[in-house]
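Accompanying notes for the structure given below.
The values are calculated or read from the model by the stated rules, or taken from the named source; none is laboratory data. These numbers were taken from a predicted model, which means no experiment stands behind them. Virtual Cβ from ideal backbone geometry, glycine too; neighbours counted across all protein chains shown.
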Amino acid sequence: MIRIQSILILLILSSMTNLSAQDLSVHKWENRLLIVLTEDTEDILYMKQLEELSNCREGMENRKLIVYQSTPDKFQTGLETKEKWQNSSEIYKKYNGNKPGFQVLLIGLDGGIKMDQSEILTCEKLFGTIDTMPMRKAEMRKNEER
C-alpha cells in the first residue's frame, strides 16, 4: 500500500514539474526569454542560431535572458542541442502562430513579445534591442551606481 502511494505521489509531482516548466509566466518581471522554435532540430538556421547565442553567453546572462528551444512536440531550456528535452507542444503552439520552419522570439520582462523573426538573430541585434528597453536602461543605471 505504501509503495502504491509513493508511486502515485511521484507521478503527481512529475506531472506538476512538467506543467510549471511550460508556464513561461513564472519568468515575468524576473527574466527575458528568447524562444527558438524549429520544426526540425537538424535545421541549419536553428543550429546556426544556437551557435550564435553560444558566443554571447555572458551578455545574455547580464541581460537576464533565458533561452527556450521548442519543436512541435518537445522543449528544453538553455543552449544545448541534445540535453533534457521534455515532451510538450504548449510553447510551440503558443508562439509559433502557424508559421512554418525556424522562428526566434524575444519576450520582455513584462511578458510581451518584443521581437519575432524567421532569420538568425545576431547577438548585436538582440542586445541592441534589449538595451533600448526602459527596464534595461534602468538596470544599467542601477549597475553603474554600484
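A few comments on the model shown:
- Flag for residue 68 being in a strand (DSSP E or B), closer than 14 Å to residue 104 by Cα and within 15 Å of the chain's Cα centre (by Cα): yes
- Condition met for residue 109 (assigned to a loop (DSSP other than H, G, I, E, B), farther than 20 Å from residue 23 by Cα, modelled with pLDDT of 95 or more and not aromatic (Phe, Trp, Tyr)): no
- Evaluated against (1) over 20 Å from residue 116 (Cα atoms); (2) at pLDDT 75 or above; (3) of a type in the set (Ser, Thr, Tyr), residue 77 falls short on exactly one condition, (1).
- Listed by first and then second residue, the pairs with beta-carbon distance under 6 Å, at least 6 apart or on different chains, first residue in region 86-105 and more than 10 Å from residue 37 (Cβ to Cβ), second surrounded by fewer than 20 Cβ atoms within 10 Å (Cβ to Cβ) and at pLDDT 95 or above, are 87/74; 89/72; 89/73.
- Test: residue in region 53-65 that is part of a strand (DSSP E or B), surrounded by 15 or more Cβ atoms within 10 Å (Cβ to Cβ), touching a residue at least 60 places away in the same chain (Cβ under 8 Å) and not acidic (Asp, Glu): yes
- Criterion: at pLDDT below 95, in contact with a helix residue (DSSP H, G or I) (Cβ under 8 Å, 6 or more places away or on another chain) and not aromatic (Phe, Trp, Tyr) - qualifying residue of 36, 26: 26
- In the set (1) of a type in the set (A, V, I, L, M); (2) surrounded by 15 or more Cβ atoms within 10 Å (Cβ to Cβ); (3) more than 21 Å from residue 139 (Cβ to Cβ), the condition left unmet by residue 44 is number (2).
- Some residue of region 123-140 being free of Cβ contacts under 8 Å to residues at least 40 places away in the same chain, surrounded by 14 or more Cβ atoms within 10 Å (Cβ to Cβ), part of a helix (DSSP H, G or I) and among the β-branched types (Val, Ile, Thr): yes
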